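All remarks here apply to the structure that follows.
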Amino acid sequence: MKRVLITGGNKGIGLALTKMFVDLEYEVVVIARDFAGFVYAEKVTCIEYDLTDVANIPKLISSIGQVDILINNAGVMYSLPFDSYPSEKVQTILNLNLEAPIKLIEECCKLGTTRVVNNASIAGEIGHPDIWYGVTKAGIINATKSFSKVFQGKVIINAIAASPVETDMLETIPLERREAFLKTVISGRFATAEEVAKTMLWLATESPEYINGTTIDINNGSYPR
């Protein structure tokens, strides 16, 4: 039985992925800060951990052991103006969105992980009003490309870059920006968590190995400003 590690697998896109992997009878390990209301607690291994504690990630992964697939899904967005961004929030978003995924890739791949999927964002490709969010997601896209060169095919690593998705994070985006975005997409709606999760599942399990170091856009034809 293959083993998958999903960060932030307790809600949103991560929860959709957890369900899909459980249904496929994978051994699933979920890392999250808390598991309140989590419906798969009896079917997966739940590890409460704050991924902003980057320094102790090596110890964490050592305690978990080898996993076949790593899904870097956990992240945060504050939607704050760049000139009124508290320094502690800057550090939190850098730790959670960028440093932690990179450290997880490093540590998991030492132990034999062969597939990695990173949850980036359209913000990392076109910029974002939340400057630090855009910076971290651009960094994840670059890290995906860079690690693919480092691993030389021994680890298949890809990312997805979704536009806004119907999850709790959507509520952090100001209403006027949400309304403006909906006018730019073909279907006139946001992506669902399941649609994004299905793409990540494919990259984690079935995509050809020639798809490596790639970021797949999930934006319904929109590149909003």
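Assess whether residue 197 counts as being out of contact with any strand residue (DSSP E or B) (no Cβ under 6 Å at 6 or more places or on another chain), of a type in the set (A, V, I, L, M) and either crowded, with 16+ Cβ neighbours inside 10 Å or free of Cβ contacts under 8 Å to residues at least 12 places away in the same chain (or both). Spelling it out, residue 197 is indeed out of contact with any strand residue (DSSP E or B) (no Cβ under 6 Å at 6 or more places or on another chain), of a type in the set (A, V, I, L, M) and either crowded, with 16+ Cβ neighbours inside 10 Å or free of Cβ contacts under 8 Å to residues at least 12 places away in the same chain (or both).
Candidates 208, 224: the one that is touching a Phe, Trp or Tyr at 6+ places or on another chain (Cβ under 6 Å) and either modelled with pLDDT of 95 or more or not in a helix (DSSP H, G or I) (or both) is 224. Across region 140-155, the qualifying residues are those that are within 15 Å of residue 110 (Cα to Cα) and among the aliphatic types (A, V, I, L, M), and the one among them that is nearest to the chain's Cα centre (by Cα) is 155. Inside region 27-79, can you point out the residues that are among the acidic types (Asp, Glu), closer than 22 Å to residue 158 by Cα and in a loop (DSSP other than H, G, I, E, B)? Once the filter is applied, which keeps residues that are among the acidic types (Asp, Glu), closer than 22 Å to residue 158 by Cα and in a loop (DSSP other than H, G, I, E, B), region 27-79 yields only 68.
With a cut-off of at least 1 residues that are in contact (Cβ under 8 Å) with a residue 60 or more places away in the chain, name the helices (runs of 4 or more DSSP H) lying wholly within region 84-172. Once the helices (runs of 4 or more DSSP H) in region 84-172 are filtered for at least 1 residues that are in contact (Cβ under 8 Å) with a residue 60 or more places away in the chain, what remains is 100-110, 123-126, 131-151. Do we find that residue 5 is crowded, with 17+ Cβ neighbours inside 10 Å, of a type outside the set (D, E, K, R) and part of a strand (DSSP E or B) in this structure? In short, yes.
The values are calculated or read from the model by the stated rules, or taken from the named source; none is laboratory data. Remember, it's a predicted structure, so these values are computed and weren't measured experimentally. Every residue, glycine as well, gets a Cβ built from its backbone with ideal geometry; the counts of neighbours run over all protein chains shown.
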